[in-house]
Amino acid sequence: MSATDAIGWFADLRIGDRPTVGGKGASLGELTHAGIDVPPGFVVTTAAFEQFLKALEERSPVRALIEPLDENDLDAVTAVSRTLRKRVEEEALPPEVEQAIIDAHARLGATTVAVRSSATTEDAEDASFAGLQDTFLWVLDAQDTVHRVRECWGSLYSVESITYRRKHGLPEDGVAMAVVVQTMVDARTAGVMFTRSPTTGDKSVITIEGAWGLGSAVVSGEVTPDRWVIGKITGEISVRDISDKHIRQVPAPGGGIVDEALESEMRTQPCLSDDELQTLRGVGRKIERHYGRPQDIEWAMDKAGKLLLLQSRPETVWSARDAKPVTGTEANPLKHVMTIFGGRKG
């Protein structure tokens, strides 16, 4: 396998490349192409995954163990998951794939990276794998990156991921895993942005949620984020819901992340200024126009105040209801604020 088969660079990727680089990788390439600021990176392709899996299946089956599983038989799913994850995480990568990752890591030139799962069925319009596969932050070197790639592949066989595929009747032959390797952002503040109200479906507003530090604390639900509701066209901020943010997640000295307690004055201080909120609104509108549909966006603001986009996926909940009457413009803006923020990974 050549390096060009195993590695795809964001600058060369488009949304149509999902079969080879997964939903997250294709979206990051598309955002880069659209002129959105994205931390640079590359994707370990599904071709590399398929070569790895082929070597595994030459000795004993992988996909054939999953097809007959009943998603309601948790004991059986758990047993298969434990076996497959152990095999994937302990198997050596094909030498040419490992070398391609090491060379790409050197070319990227990043001190630290995020290693993020990117399944081929992830972020599709009719199904979302968000939260079902693994992400690793603040990965320190090339060899650790290789190890984390293997763990991302292993997460394709987690109990949650297997159960999801069985429930939706997705054939295993159509499921593969690419892995995004992306320059890590040491974020001052980070969070998510919805270009359609996540609670009412109203398309006239943008909801922004954020907290101090890395965005992992927000998407996992460990911190209640600050929330704002902003008129998509007018820019009017109709809701300001500033929470008590007791911790932030920051890089750990030996790699990975750690919780850090916040000083009292920061806990209730808004993590974004009004100018930064308007910057986010403008970028959110640009991304929505580019894709032609509402988006669920992950963002980070670095310590110099630069806005960087980490992911954009199609909004799926309200889009799935569009065949039915959709709520119109909501008179009470507080209804656009989510009362419970579900945990998400990936």
Is there any pair with a first residue in region 251-270 that is of a type in the set (S, T, N, Q) and a second that is exposed (fewer than 13 other Cβ atoms within 10 Å of the Cβ) and at pLDDT 90 or above whose Cβ atoms are under 8 Å apart and which are 6 or more apart or on different chains, and what are they?
-> 268/244
Among the residues of region 17-35, the number that are in contact with a Lys or Arg (Cβ under 7 Å, 6 or more places away or on another chain) and either among the β-branched types (Val, Ile, Thr) or over 10 Å from residue 118 (Cβ atoms) (or both) is 3
Sole miss for residue 290 among (1) in a loop (DSSP other than H, G, I, E, B); (2) out of contact with any Gly (no Cβ under 7 Å at 6 or more places or on another chain) is condition (1)
Is at least one residue of region 247-254 out of contact with any Lys or Arg (no Cβ under 9 Å at 6 or more places or on another chain) and in a helix (DSSP H, G or I)?
-> no
Looking at (1) out of contact with any Pro (no Cβ under 9 Å at 6 or more places or on another chain); (2) surrounded by 20 or more Cβ atoms within 10 Å (Cβ to Cβ), which is the only condition residue 296 fails?
-> (1)
Name the one entry in 64, 92 that is closer than 30 Å to residue 184 by Cβ and in the same structural domain as residue 147 (by TED's automatic domain parsing).
-> 92
Here are some residues: 90, 98, 30. Which one is touching a residue at least 40 places away in the same chain (Cβ under 8 Å) and surrounded by fewer than 21 Cβ atoms within 10 Å (Cβ to Cβ)?
-> 98
Confirm whether residue 260 is assigned to a strand (DSSP E or B) and out of contact with any helix residue (DSSP H, G or I) (no Cβ under 8 Å at 6 or more places or on another chain).
-> yes
Picking from 218, 223, the residue that is modelled with pLDDT under 90, within 23 Å of the chain's Cα centre (by Cα) and buried (at least 20 other Cβ atoms within 10 Å of the Cβ) would be 218
Residues (under 28 Å from residue 282 (Cβ atoms) and part of a loop (DSSP other than H, G, I, E, B)) located in region 30-51 | 34, 35, 36, 37, 38, 39, 40
Residues in region 226-246 that are part of a loop (DSSP other than H, G, I, E, B) and surrounded by fewer than 23 Cβ atoms within 10 Å (Cβ to Cβ) total 9
When you look at residue 97, is it closer than 30 Å to residue 294 by Cβ and at pLDDT 90 or above, yes or no?
-> no
Might you check whether a residue that is basic (Lys, Arg) and either under 14 Å from the mean Cα position of the chain (by Cα) or in a loop (DSSP other than H, G, I, E, B) (or both) occurs anywhere in region 169-188?
-> no
In the set 59, 18, which member is at pLDDT below 95 and part of a loop (DSSP other than H, G, I, E, B)?
-> 59
Considering each of 195, 199 in turn, give the residue that is in the same structural domain as residue 304 (by TED's automatic domain parsing), farther than 18 Å from residue 308 by Cβ, buried (at least 18 other Cβ atoms within 10 Å of the Cβ) and hydroxyl-bearing (Ser, Thr, Tyr).
-> 199
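The values are calculated or read from the model by the stated rules, or taken from the named source; none is laboratory data. The shown structure was predicted, so the numbers you read here are calculated from the model rather than taken from an experiment. Cβ sites come from the backbone with ideal geometry, for glycine too, and all protein chains shown count toward neighbours.
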